[in-house]
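This report refers to the structure that appears directly beneath it.
The values are calculated or read from the model by the stated rules, or taken from the named source; none is laboratory data. Here the structure is a predicted model, which is why all the values come from computation and not from measurement. Backbone-built Cβ (ideal geometry, glycine too); neighbour counts: all protein chains shown. Areas reflect the complete protein model, heavy atoms only, side chains present, ligands, DNA and RNA absent. Shrake-Rupley method; radii C 1.70, N 1.55, O 1.52, S 1.80 Å.
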Amino acid sequence: MQAVVNKVIPFSSVDGPGNRTAVFLQGCNINCKYCHNPETRALCIECGVCVERCPEGALERGSDGKIIFHPEKCIQCDTCIHVCPNNSSPRTAVMTPEECYKKVKKQIPFIRGLTVSGGECMLRPDFLEALFKLAKQDGLNTMIDSNGTIPFWEYPSLLEVTDGVMLDIKAFKNEDHVRVTDEKNEIVLKNAVYLAENKKLYEVRAVIVPDLYDTKSSITQMAQFLAPYLEIQEFRIKLIAYRPMGVREEYAHYQVPSQNYLEELADILKAYGFKEIIII
Amino acid sequence: MREISMERVNKTREAILETIKSPTLTHEQKVCAASGLADSLLEVLDLPEGLDELLNVPIDRKCICDLNEGHAPMRPRYIIPDYEKFMREGSEFLQLAPPTDLYEAINNLLIFYKHVPSITNFPVYLGQLDELLEPFIDTVPEEQAKKLIKMFLIHVDRTVLDSFSHADIGPKATKAGYMLLEAEKELEQAVPNLSMKYEEGLTEDEFALAAVDCALHSAKPSFANHKMFKKELTEDYVIASCYNGLRVGGGSYTLSRLILGNIAKRAENIQDFKENQLPYVMDIMARYMDERIRFEVEESGFFENNFLAKEGFIHREKFTAMFGLVGLADCVNILLEKEGKSGRFGADVHANDLGVEIMDIIDEFNKNHKNPYCEITDNHFLLHAQVGISDDIDVTPGTRIPIGEEPEELIDHLLVLSRFHKYFPSGTGDIFPIDVTVHKNPEFVLDIVKGSFVKDLRYLSFYSSDSDVVRVTGYLAKKSEIEKLLAGSAVLQDTTMLAKDAFKNAHIPDRKVR
């Protein structure tokens, strides 16, 4: 079993509780307009555009036609991902769960856990399960960061080795969700309920882009919808301000919401009984 | 006393006059500098042969540095009074009875601080403040206690004018401990330097997280590996000055340092360094320290006459001395270059291995050198990774990885450090500026501390990359105060002056943000 890994961040302070290693899988099934790492969206089709453009010669086409990446030559100028016509990256690595876990294990005992994100990591539930089983042998906490479009209830054995899910609700109204992502949110909301009922919902995230959808009514409806589940187990809400960094040029024109506006949204959530609200 | 030349006397007189006329020194700073200059005219120590050409030369050749301790040491460099005894019994010399409430406790401490000598003339140790104040916390209403603690800390910052003054808290949570952290977080002051003694399983997470939160606002406290220190120095240890592990009721007679990079310059190759140059310089430095200690103990009269000793707040037998070093990174890099080998300290395994080999030689030397007056540490000195001084140029502190060459990932940085911290019971430490996003996740820092202490790291400091108070090398300074000094105004604390030079010479603002 193998998966395409976009990158491994050894110490992350923003991907769940405490210090964790974050693994980013390549490939996504939806199209968030504000996606800030669009190079994780598609798998590489070996077109070779990046090979020509790399100023350091860190990319080369092998005799089998595959693109070879030489990390030691890379200066992180990101030219390859900017010129990619396919929302992908040549700087990925194909790994087995064991190979991937080796890159996580190095950080023990400095980390408390492992978070897998993407792309959309739930496109590879088999890989996640195998990886988390390894992590559990060392007592690591395991988290999934997901856009919620893949039904979690179909993977109970994965959830057995998963401590929590950080779930995006990118818009509460279906038509808004379609506008933001090109996909419906019926499964997302069902996932929220399923995870909350099974005490696996650690955090719900919303990216706040007032120009793109009615964020205030979306947050209000979301609060209303989720509040009953706080009784089962507390979970936190993260409000993420849209920022143009990394966003594809055609979508980089949205307004960044003000801190005051974000706090207004947090107040709405507080009124519904949410205690832990993080604004970033 | 040996004769000296009139030329040297006149040169010193000029320097004293210059000090008197200085526009940027405060009165206290002038008095301290002038007395240091006068002291430099004394020649009473029986110096080892060969010392002069290792000590009294420019910084690019100097192999031994005595950190300007002076020519006739009249007191130990670092004094660690037994404040608990003082709180219990008061002091006859200071005419103070034991305190009965928080007002008296704080007042007594503030008085005592003015009578603790040190190399800087300010106390380098202010006590285990949470334990000292906790018995009195409930003698006044809570709001008043908070206000008194805040005033106490402001008083210390404005009168103990040197950020080598160090207080400790922990390992267990106390009301006083929380109040001290809350006040420091709000005040954002450079003095006192502060350590939290931390041990996983003993220190409450909530207390440790309050310390992280405080550190992200005021660059303190730092975290000291309680388990490691108490194993080496017993429960009666303290963290004083920069990060120096010493015994309560004792201290350190002296601290000299090997400038390893310059010793490497004398060597032909690695073998010559290990077998000849390093042992030669270590031997001279150890004998120089022996002589300084002999004068302090046998001739200065300090231990017979100072009230601290007379009343039992310190005991001569609890003193040791610190055998310091700087520039392990410089040394390794120079030696590899001499051998025509590639690799840099911090980045390459074989370079780090060479660093460990050198540390083992120094450790072995120290274990074989005996001093009759260091009984408390089995008649040996304690190794100390010195943090550098303001006029160091191209000298990397202790065993640190040079600023600008830190590994890309913090994990790799920490794994290198974990090979070196264990050598230094009398102190070493590393410093990490932390990205502001961590304010939302203080557990991130605590997880790193926990992992580090499992991996034999000894002492870690963090500050927020946007903080006004920053950790310079081992001490703290405020960027805003440095700017005032650069603009030509006198500033309250002497360490701001050191910080101004260190910012430039040691590239402090370029430290890698984590």
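Could you tell me whether region B:347-363 includes any residue that is farther than 28 Å from B:Phe295 by Cα and in a loop (DSSP other than H, G, I, E, B)? Break it down stepwise before answering.
At the first step, the residues of region B:347-363 found to be farther than 28 Å from B:Phe295 by Cα are B:347-361.
Checking which are in a loop (DSSP other than H, G, I, E, B) leaves us with B:347-348.
Yes, because at least one residue in region B:347-363 is farther than 28 Å from B:Phe295 by Cα and in a loop (DSSP other than H, G, I, E, B).
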For this session: Any residue in region B:410-437 that's in contact (Cβ under 8 Å) with a residue 60 or more places away in the chain and more than 10 Å from chain A (Cβ to nearest Cβ): show its pairings with residues that are assigned to a helix (DSSP H, G or I) and among the acidic types (Asp, Glu) at Cβ separation under 9 Å, as long as the two are six or more apart or on different chains.
Result: B:Arg419/B:Asp353; B:Tyr423/B:Asp360; B:Tyr423/B:Asp363; B:Pro425/B:Glu232
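If only one of A:Phe225, A:Phe274 is in a loop (DSSP other than H, G, I, E, B), more than 14 Å from every other protein chain (Cβ to nearest Cβ) and either more than 22 Å from the chain's Cα centre (by Cα) or not charged (D, E, K, R) (or both), which one is it? Please lay out each step first, then the result.
Numbers: A:Phe225 fails: in a loop (DSSP other than H, G, I, E, B).
The conditions single out A:Phe274.
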Exercise. Does region A:144-166 hold any residues that are crowded, with 24+ Cβ neighbours inside 10 Å, hydrophobic (A, V, I, L, M, F, W, C) and under 13 Å from the mean Cα position of the chain (by Cα), and which are they?
Worked result: A:Ile144, A:Val165
For this session: Answer with yes or no whether A:Val104 is within 14 Å of chain B (Cβ to nearest Cβ) and either at pLDDT 95 or above or outside any helix (DSSP H, G or I) (or both).
Result: yes
For this session: Take region B:358-374 and flag every residue that is farther than 21 Å from B:Cys331 by Cβ and surrounded by 16 or more Cβ atoms within 10 Å (Cβ to Cβ).
Result: B:Asn371, B:Tyr373, B:Cys374
Seminar exercise, completed: Residue count, region B:233-255, condition among the small types (Gly, Ala, Ser) and not in a strand (DSSP E or B), comes to 3
For this session: Tell me, please, whether a residue that is assigned to a loop (DSSP other than H, G, I, E, B), without any contact (Cβ under 8 Å) to a residue 40 or more places away in the chain, in contact with a Lys or Arg (Cβ under 8 Å, 6 or more places away or on another chain) and not β-branched (Val, Ile, Thr) can be found in region A:234-248.
Result: no
For this session: Count, please, the residues in region B:462-514 that happen to be open to solvent by 30 Å² or more (accessible area, probe 1.4 Å) and more than 14 Å from chain A (Cβ to nearest Cβ).
Result: 26
Seminar exercise, completed: Only one of (1) within 12 Å of chain A (Cβ to nearest Cβ); (2) surrounded by fewer than 23 Cβ atoms within 10 Å (Cβ to Cβ) does not apply to B:Phe444, and that is (2)
Problem set entry | Condition broken by B:Met179, with the remaining ones in (1) open to solvent by less than 20 Å² (accessible area, probe 1.4 Å); (2) at pLDDT 95 or above; (3) farther than 18 Å from B:Ser222 by Cα satisfied | (3)
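Answer yes if at least one residue in region A:110-119 is open to solvent by 40 Å² or more (accessible area, probe 1.4 Å), under 30 Å from A:Leu167 (Cα atoms), within 13 Å of another protein chain (Cβ to nearest Cβ) and assigned to a loop (DSSP other than H, G, I, E, B), and no otherwise. Give the derivation first.
First pass over region A:110-119, keeping only residues open to solvent by 40 Å² or more (accessible area, probe 1.4 Å): A:112.
This time we only want the ones that are under 30 Å from A:Leu167 (Cα atoms), so: A:112.
If we keep only those that are within 13 Å of another protein chain (Cβ to nearest Cβ) too, we end up with A:112.
Next, from what is left, pick out any that are assigned to a loop (DSSP other than H, G, I, E, B): A:112.
Yes, region A:110-119 contains at least one residue that is open to solvent by 40 Å² or more (accessible area, probe 1.4 Å), under 30 Å from A:Leu167 (Cα atoms), within 13 Å of another protein chain (Cβ to nearest Cβ) and assigned to a loop (DSSP other than H, G, I, E, B).
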Seminar exercise, completed: Looking across region A:40-57 at residues that are under 16 Å from A:Asn6 (Cβ atoms) and of a type in the set (A, V, I, L, M), the single one that is least open to solvent (accessible area, probe 1.4 Å) is A:Ala42
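Looking only at region B:381-419, which residues are assigned to a loop (DSSP other than H, G, I, E, B) and charged (D, E, K, R)? Spell out the reasoning first.
Just the residues of region B:381-419 that are assigned to a loop (DSSP other than H, G, I, E, B), to begin with: B:381, B:386-409, B:418-419.
B:Asp391, B:Asp392, B:Asp394, B:Arg400, B:Glu405, B:Glu406, B:Glu408, B:Glu409, B:Arg419, listed by residue number.
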For this session: Would you kindly identify the helices (runs of 4 or more DSSP H) lying entirely within region B:277-324 that contain at least 1 residues that are open to solvent by less than 20 Å² (accessible area, probe 1.4 Å), in contact with a Pro (Cβ under 8 Å, 6 or more places away or on another chain) and aliphatic (A, V, I, L, M)?
Result: B:278-294, B:307-310
Exercise. Taking B:Thr495, is it of a type outside the set (Lys, Arg), under 16 Å from B:Pro397 (Cβ atoms) and out of contact with any Ser or Thr (no Cβ under 8 Å at 6 or more places or on another chain)?
Worked result: no
